[in-house]
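Worksheet: the structure to be examined is printed underneath.
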Amino acid sequence: MTLLSAYYDLLLPELPGCTTTMLDLHLRETARTFCQQTGAWKLPFDAVNLVADVATYDLSPSESQAEVVRITRLTLDGELMWEDTDRPQRHTDDAEPKYTRNEPPFSLSPDLLEITLITDEMPTAAVVGGMEIIGTMKPTSTATQIPDFLKRQYSDAMRYGTLARLMVMAKKPWTDRALATYYSGEWNKALNFAAYQAQVGNTREHLRVKKWG
């Protein structure tokens, strides 16, 4: 995780008079929006111990400054139950989920703090660490750190989004509506690109070299 202050050099030169407190607020909200709309931040939850005849369990992200956006993968007792991915986007050797993408075998509470399994998948015996979940996340509204990959891969997007939010404010030393419009356009382009990468998988295959002779 990266401290918000790591972005100051990218932002403060264009924001004369802006306090770091205000900058932190808008940078954090930019990161939250980015992760919410792109699904780019994926994390496992802490493994859940299954209990016989119990259907509802707490959702606990493995990162304390993360907030749940949605569930993307569910495994019960080693069997892949469900995955929020179309088959053409998955590797051919991946296990086939038991349930289709549009029919998840669970429901989530409105606050996204609990998961409830359907009756057919309610455990009949206790299994330590029997439920494994992956989800997309966003930073919490009080986060002091945001995911490392935002700085490494999407620092321009963070810059565009934060400056667009701040420069549109009226009667500030840094107010610049024309520049805010420009940065807003670049921010939307970056969002679309990141959402596409998250959907198709932003990974690189190792180059395989065939030896002859």
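We did not get these values from a lab; they are worked out from the coordinates using the rules stated. Every value quoted in this text rests on a predicted model; they were computed, and no experiment measured them. Quick reminder, even Gly has a Cβ in these numbers, built from the backbone with ideal geometry, and neighbours come from all protein chains shown.
Pairwise Cα distances in region 66-187 exceed 17 Å for 70 percent of all pairs. Dipole of the chain (Lys/Arg Cβ +1, Asp/Glu Cβ -1, origin at the Cα centre): which of M22, Q36, T72 lies farthest to the positive side? It is M22, whose Cα lies furthest towards the positive end.
Take the Cα pairs of region 1-80, get the Kirkwood Rh, then feed it into Stokes-Einstein at 25 °C and 0.890 mPa s and tell me D in µm²/s.
In µm²/s, the coefficient is 156.
Ellipticity at 222 nm from helices only: DSSP H runs of n ≥ 4 in the chain, each -39500 (n - 2.57), divided by the residue count, give -10000 deg cm²/dmol. Dipole magnitude for the chain: computed about the Cα centre from +1 point charges on Lys and Arg Cβ and -1 point charges on Asp and Glu Cβ, it is near 1260 debye.
With Cα atoms as the point set, region 1-137 shows a radius of gyration and Dmax of 18.8, 62 Å.
Look at where the Cα atoms of region 150-189 and of region 115-132 average out, and the two centres are 45 Å apart. Legend: distances between Cα atoms for K138/K189; K42/K98; K151/K172; K138/K171; pairs beyond 24 Å are K151/K172; K138/K171. When N is the residue count of region 103-146, what does its C-alpha Rg come to as a fraction of 2.2 N^0.38 Å? So region 103-146 has a normalised radius of gyration of 1.53.
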